[in-house]
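As structure tokens, the structure follows; a few thoughts come after it.
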Amino acid sequence: MIQTEEQRIVDAAIATRRSVRAFLPTPVAREDIEAILDVAARAPSGTNTQPWKAYVLTGQSKAKLSQAILDVYADPAKLNQHSEEYNYYPRQWVSPYIDRRRKVGWDLYALLGLTRENKPGMHAQHARNYTFFDAPVGLIFTMDRIMEQGAWLDYGMFLQNVMVAARGRGLDTCPQAAFTQFHKVIGEVLGIPTDERLVCGMSLGFADTNKVENTLTTEREPVSGFAKFLD
Ligand SMILES: Cc1cc2nc3c(=O)[nH]c(=O)nc-3n(C[C@H](O)[C@H](O)[C@H](O)COP(=O)(O)O)c2cc1C
């Protein structure tokens, strides 16, 4: 099949997106962040409702949020009082989802030399979520509570656009549900109105290609595994 230039560029932006978990301190220009959000907002949404809202954190605001979450994360008594507001994952895990979840988790931990017994090591690695894996930009996404399930579809399209638009600029991302557990802390520190629900966070910056966690390659089912062509 002949590939056009457009196909190549679009496919490359999609296929080179991956979750990066170590970033360089190199800053991202404000106009680049704005341009990424601007083009991402071209995402479709039911009746053009555009449910997305973004808090863009850099410098002090990012450091302040990270510290507030890490303070809680490091203290089991405090940590106990924080839980997710919505179920991102199924309540009951079944195959093949549990197998895929385990594989990516253990592949990452194996790269980092973390064994099952090394609970403090895994705890510390998970904590890296809250410094946005050292990315210079932390994004916190929210949505009005009044929005229903359809808006979550719209939101996913917007988030994917953010990540693909970042690739077009040589930037990388990591979408992060890890923040949802700390919606109360985040709401307080950022002054988020109570009628907004935390959707997720995202790290944005330039990948540190020397870090082993960024060598993780994740698998996908082939098309024949998830699509039925009905003639
Ligand atoms: C909404 C969403 C939330 C995620 N939350 C986290 C997270 O909190 N921490 C993390 O390290 N990765 C997180 N991931 C990344 C997934 O683990 C990753 O997308 C998956 O393993 C496939 O790998 P890839 O993104 O490199 O293709 C999240 C992904 C999505 C889409």
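A few points about this structure:
- Selection from the stretch 171-217 of residues that are over 14 Å from the mean Cα position of the chain (by Cα), within 10 Å of the ligand (Cβ to nearest atom) and of a type outside the set (S, T, N, Q): Glu213, Leu216
- Criterion applied to Glu219, Glu213 was being surrounded by fewer than 17 Cβ atoms within 10 Å (Cβ to Cβ) and touching a residue at least 60 places away in the same chain (Cβ under 8 Å), and the one residue passing it is Glu219.
- Any chance Thr115 is hydroxyl-bearing (Ser, Thr, Tyr), exposed (fewer than 15 other Cβ atoms within 10 Å of the Cβ), closer than 18 Å to Lys53 by Cβ and over 17 Å from the mean Cα position of the chain (by Cα): no
Read-outs throughout are calculated quantities, based only on the coordinates presented, and are distinct from any laboratory measurement. What you are looking at is a predicted structure, and each value in this text was computed from that prediction instead of being measured. In this analysis, Cβ positions are derived from the backbone assuming ideal geometry, glycine residues included, and neighbour counts consider all displayed protein chains.
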